[in-house]
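Let me begin by presenting the structure, written as structure tokens, before commenting on it.
None of the figures in this text is laboratory data; all of them are computed from the coordinates on show. Fair warning: this is a prediction, and the values are worked out from it, not measured in the lab. For neighbour counting, all protein chains shown are included, and Cβ atoms are generated from backbone atoms with ideal geometry for every residue, glycine included.
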Amino acid sequence: EIEDRDNQITFAFNGENGNYTFEFEITDEDNYEFTMKHFGSGDFDVSIEDEDGNVTTLIDTSGHISSVDTETMNEGTYTIRISADNEWSVGIEEK
């Protein structure tokens, strides 16, 4: 899901156990806040990859967690990869 609130870009992804891959487009170079939640007891991994193949791991942990990470992102298409053993959500908001 993509929203444009007052010209501020936000994305929301969620799911259950499994591996997920999504693409999203950044149109404004800026800082973006990633809010990541996992409601399981097993592994929870979230990473992003830019168009050049550079991978940034946002979280690699186990168990129930709520975490926030801020990344400076350039314009372009990104791939987000999420692996989880239970219900999860990832929100991305331009700061």
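Evaluated at q = 0.17, 0.25 Å⁻¹, a Debye calculation over the C-alpha positions of the chain (equal weights, vacuum) places log10 I(q)/I(0) at -0.69, -1.37. Dividing the Cα radius of gyration of region 40-95 by its Kirkwood radius returns 0.98 for Rg/Rh. Protection proxy ranking of 88-94, 49-55, by the mean of other Cβ atoms within 10 Å over each peptide's residues and highest first, is 88-94, 49-55.
Think of the chain as a dipole: +1 on every Lys or Arg Cβ, -1 on every Asp or Glu Cβ, centred on the Cα centre; then among Ser89, Thr10, Phe22, Ser89 lies furthest on the positive end. Measuring from a point 7 Å past the Cα of Phe39 along Cα-to-C-beta, which residues in region 71-95 have an amide N at less than 14 Å? Taking a point 7 Å out along Cα→Cβ of Phe39, the residues of region 71-95 whose backbone N falls under 14 Å are 85-90. Only the Cβ atoms of Lys and Arg (+1) and of Asp and Glu (-1) were treated as charged; on that basis the dipole of the chain about its Cα centre amounts to roughly 480 debye. Taking Cβ atoms as reference points and 13 Å as the exclusive limit, the residues near Gly18 contribute a net charge of -4, counting Lys and Arg as +1 and Asp and Glu as -1.
Based on Cα contacts under 8 Å between residues 6+ apart, the chain shows a relative contact order of 46 percent.
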